[in-house]
Every structure is written in C-alpha cells, then in structure tokens.
Amino acid sequence: MRLNFGTCLAVIATFASAQSRSDLDAPLETIVFTASDTLRGIVGEHLNDPDLWPYILEFNAISSPAVVVPGMELQMPVKQVRAS
C-alpha cells in the first residue's frame, strides 16, 4: 500500500501519541543531491516511495525538478515518514 506525503503527515499527527517521540520530533535530514542521483531515486531510497518526489519539491519550495542540481541540499522528513 502506498501512501502519499499528505497522508503520511496525517498519520503522523493522528498517531503521534503511539509513536516514538524521538522519531516524530527528529530534525529533518539533509540529503545532498549528486550528479548520479535522480529525484525519484533519492526519494525512493530515503522515503521508500519514489512517487513522493513532488511532495519533496513542494516541501523544499522548489518549483521544478529541472532546478535540482548536483550539490543542492534537500530537506526530507525521513524519520517522521518511516515512523508512520
């Protein structure tokens, strides 16, 4: 079953009391995009669902995947999504 990013955040909020507070309160992870990366690839690797890439762009206030270049840092809610 695949959950979209919004659903993941809703699950986190709804079940926060049942989850480990340390995971839910964890800081965002900074992922550095490299020349060999694809957006779908790194999102799939870190969030276990490559189809969440549009939400990561929105989360990072990036208007288009075309502006994601090597060396760019992307913030990802890795522990929060895994906790859901």
Worksheet item: Which ones in the stretch 65-84 are assigned to a loop (DSSP other than H, G, I, E, B) and modelled with pLDDT of 95 or more?
Response: 68, 69, 70, 71, 72
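Can you tell me how many residues in the stretch 25-44 are among the acidic types (Asp, Glu) and either exposed (fewer than 11 other Cβ atoms within 10 Å of the Cβ) or part of a loop (DSSP other than H, G, I, E, B) (or both)?
2
The values are calculated or read from the model by the stated rules, or taken from the named source; none is laboratory data. Everything quoted here is computed from the prediction, not taken from an experiment. Positions of Cβ are generated from backbone atoms using ideal geometry, with glycine treated the same way; all protein chains shown enter the neighbour counts.
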